[in-house]
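The values are calculated or read from the model by the stated rules, or taken from the named source; none is laboratory data. In this text, all values refer to a predicted model and were calculated from it rather than measured experimentally. Counting neighbours? That spans all protein chains shown, and the Cβs are built from the backbone with ideal geometry, glycine included.
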Amino acid sequence: MAQLQVTLEVAAGDLDAVDGALELAGALSQTYQADDGTVLLEPGVGEHPLWEQVRVDALFPPETDPDALHTLLAGQLGERLRGWQAETLEDRAWEREWLDHFRPMAFGERLWIVPTGAEPELPAGAVPIHLDPGLAFGTGTHETTALCLEWLDGEPIAGRNGLDYGAGSGILAVAAVRLGAACCMAVDNDPQAVVASRENAERNGVAEDVPSYAVDQRPAYCADFLVANILASTLVDLADELRDGVRVGGRLALSGILRGQEQQVMDAFQGGIAWDAPRCCGDWVLVSGTRTA
Ligand SMILES: C[S@@+](CC[C@H](N)C(=O)[O-])C[C@H]1O[C@@H](n2cnc3c(N)ncnc32)[C@H](O)[C@@H]1O
């Protein structure tokens, strides 16, 4: 399928924020070209002291509306969104290219994300998750996902029922069940994500315990724990629904929040949650807490 390519000119110091915003907006891949012509395929190039300006080419699914994407990114990035160009590229299996650059990665004490087909040697006690994100977000490489994986790894979720709201590839729901949860429902408003989540659950042998639904077609369900990695503005809009998705005494974790946005997200829940200390990774924050009322 043809893909939408968005090109941006980014000051090196803004690269992490732009990279994160592109991923959260649904970019399938990003490549970076420094102002000395060097082409890079890994984020973090903004840390190089000699590169003042980096060109970023990001690929999005074909159905992406460029105007809506521009509005979303402008809201996230403000003046850091510069040099915007959008064009449709010819057919190519862009969504598979990430596999060439994807290596096993550890999260928390036990979780390892492993590309489908790879069988690396892992330490004793490791819990591997085999992942092919398809076209949906959730390779485990993004800080917001990493924060959620580490949170799940540290929570007493064994035998409990979870809800992964905004599941993308289903990485968090699959991880929860592989860590011992009895069940973790995966819901998303993107039909491709529902398919990817089902496939990834099957690939990891947990399909029965990771039921995947379009968000408006899910059965009534009140979870012991809930994890939602979505943009801060969406978390604010969904606050009541997310709180009601977890039982009183249950736990919830919210990610996809840029530093400085966490208070706005917590305020949207208007009490009823006893918040833990926020956790940070790069520019991103995860807030978690216990539902009290
Ligand atoms: C940043 S991705 C997170 C994917 C995965 N959970 C992870 O942690 O890597 C956000 C996901 O939320 C979904 N999403 C966005 N708004 C939503 C909404 N209002 N209801 C349900 N899902 C939503 C998107 O389709 C996307 O798959």
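Worth pointing out:
- Selection within the stretch 2-23: residues that are modelled with pLDDT under 90 and within 12 Å of the ligand (Cβ to nearest atom). The member of this set that is nearest to the chain's Cα centre (by Cα) is E23.
- Exclusive hit being within 11 Å of the ligand (Cβ to nearest atom), modelled with pLDDT of 75 or more and either in a loop (DSSP other than H, G, I, E, B) or of a type in the set (A, V, I, L, M) (or both), set A124, A146: A146
- Failed criterion for W112 (all others in (1) without any contact (Cβ under 8 Å) to a residue 24 or more places away in the chain; (2) surrounded by 17 or more Cβ atoms within 10 Å (Cβ to Cβ); (3) within 15 Å of the ligand (Cβ to nearest atom) hold): (3)
- Strands (runs of 3 or more DSSP E) contained entirely in the stretch 201-293, each with at least 2 residues that are more than 16 Å from the ligand (Cβ to nearest atom) and modelled with pLDDT of 95 or more: 246-258, 273-275, 284-291
- Scan the stretch 156-189 for residues that are under 16 Å from T145 (Cβ atoms), part of a loop (DSSP other than H, G, I, E, B) and within 11 Å of the ligand (Cβ to nearest atom) and the total you get is 5.
- Residue count, the stretch 257-274 (criterion: free of Cβ contacts under 8 Å to residues at least 24 places away in the same chain and either among the charged types (D, E, K, R) or closer than 15 Å to A232 by Cβ (or both)): 4
- Qualifying residue in the stretch 257-278 (condition: basic (K, R), touching a strand residue (DSSP E or B) at 6+ places or on another chain (Cβ under 8 Å) and within 22 Å of D153 (Cβ to Cβ)): no
- Some residue of the stretch 207-229 being over 17 Å from G162 (Cβ atoms) and either outside the structural domain of A173 (by TED's automatic domain parsing) or buried (at least 19 other Cβ atoms within 10 Å of the Cβ) (or both): no
- Residues of the stretch 43-72 satisfying the condition of being touching a strand residue (DSSP E or B) at 6+ places or on another chain (Cβ under 8 Å) and either at pLDDT 90 or above or farther than 17 Å from D14 by Cβ (or both): L59, F60, P61, P62, T64, P66, L69, H70
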